[in-house]
Amino acid sequence: MSWNQLTLDVPDDLIDTIVGELSSDGVAGIWEKALPEPGRTRLVLYFGHRSNLDKIEGEVRSIFQRVQRQGPAISRAVVEERDWTEEWKKSYTGFPIADSFFVIPSWENVICPNDRLPIRIDPGQAFGTGTHETTQLTMEALERWVEPNHSVLDVGTGSGILAIASRLLGAKQVFACDIDAVATQVARANIERNAEHEVYTFCGSLDAVTSNCIDLLLANLTADVIKDLFSEIERVLRPHALAILSGILREQDEEIREIIDRERFNVFEEITQGEWLVLIVEKHGR
Ligand code: SAH
């Protein structure tokens, strides 16, 4: 089996748009590599051997035209079938995240810097490699707001990375859940790998959590899911407890604030980076 491969160097702020638009063209694999030049990334995209590459290239060019930027050079190649997981693993090595942590892929033998705490991860099929901006921003907020007496709930734990970080930062009790059974298994394996036995995982969501028992809730989801879950977030939090809401695009600010106001939460802190917004919100007193 062979694949059509397109290689292009793009500015980081256009990656999500390009990948998003090409997803309807049946992109079968994407490989990203940061270029030495800051703010630029090499994208290697794979499509089936019958895909219409002229049309796909046209779509990429029209994205650049829309934002009035010069289009990239695009090179084509035909490559034989590869083991995608093995390919991807080559580009995932140890890296620092937030102020306190260093993520180490479980198959790598990288030494963690002295001033950081290691988190060993094999993300498998789950989201949560730690390379995504929304994970990094949530982690930074977590560092600032978690306290040792907290019961933390990580909703949509994916690889378990935020739950593990919560325990390493000293939270006395951490719960992690995901509606995806595979992610739950991946999270469990990663939690074991990091010997953080005070993290309790389950497959499911907030409806399985007792009312008024959580001091800090982590939700790196999407604005739509957060909106759907908001009344449940309100229910599980103790009065004056905090939630870190992430995975929200800046353009969704207004719609998410509408529900925050309606549920009588205060916005404690707001972090923006690139196209992303993180809100740290506090539940009302009763
Ligand atoms: N917490 C990780 C992963 C975030 S990806 C990180 O920050 O990197 C979001 C995860 O939420 C996915 O694994 C998805 O399966 C899960 N998810 C989506 N909707 C959910 C819901 N309603 N309840 C619980 N988990 C959900």
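The values are calculated or read from the model by the stated rules, or taken from the named source; none is laboratory data. None of the values given here were measured: they were computed from a predicted structure. Methodologically, a virtual Cβ is constructed for each residue, glycine included, from the backbone with ideal geometry; neighbour enumeration extends over all protein chains shown. Areas reflect the complete protein model, heavy atoms only, side chains present, ligands, DNA and RNA absent. Shrake-Rupley method; radii C 1.70, N 1.55, O 1.52, S 1.80 Å.
Put simply, the amide H of G29, placed in the peptide plane, has neighbours under 5 Å in Y46, leaving out anything fewer than 5 places away on its chain.
For region 82-159, calculate the relative contact order in percent as a whole number, restricting contacts to Cα pairs under 8 Å that are 6 or more residues apart.
25
Select from region 32-135 those chymotrypsin sites (Phe, Trp or Tyr not before Pro) which occupy a DSSP coil region and have at most 14 other Cβ atoms within 10 Å, ordered by residue number. Sites meeting the loop and neighbour criteria: W107. Only lysine pairs 8 or more places apart or on separate chains count here, and in the chain those with Cα atoms under 21 Å apart total 4.
For region 51-162, the antiparallel share of DSSP beta bridges with both residues in that region comes to about 40%. The largest-to-smallest principal axis extents of the Cα set in region 1-48 are 35, 20, 11 Å. Phi angles of region 114-121 translate, via the Karplus equation with coefficients 6.51, -1.76, 1.60 and θ = phi - 60°, into HN-Hα couplings of 4, 8, 10, 9, x, 10, 8, 10 Hz per residue; Gly and Pro are given as x. The ellipsoid equivalent to the alpha-carbon distribution of the chain has semi-axes of 35, 23, 17 angstrom, derived from the gyration tensor eigenvalues as √(5λ) and listed largest first.
Taking a point 7 Å out from the Cα of R40 in the direction of its Cβ, the residues of region 1-32 whose backbone N falls within less than 11 Å of it are 9-12. Per-residue accessible area (protein heavy atoms, 1.4 Å probe) orders V78, V146, V174 as V78, V146, V174, starting from the largest. Karplus-based coupling profile of region 196-209, in residue order and whole Hz: 9, 6, 8, 9, 9, 9, 8, 8, x, 9, 5, 5, 8, 9, with θ = phi - 60° in 6.51 cos²θ - 1.76 cosθ + 1.60 and x standing for Gly or Pro.
What the pair-distance distribution of region 17-92 shows, using all Cα-Cα distances binned every 5 Å from zero, is 3, 12, 24, 25, 21, 11, 4, 0 percent.
Relative contact order of the chain, please, whole-number percent, based on alpha carbon pairs below 8 angstrom and at least 6 residues apart.
Rounded, it is 12 percent for the chain.
Region 148-194 and region 5-52 have Cα centres lying 31 Å from one another. Computed from the C-beta positions of Q68 and L117 and an R0 of 41 Å, the FRET efficiency is 0.40 to the nearest 0.05.
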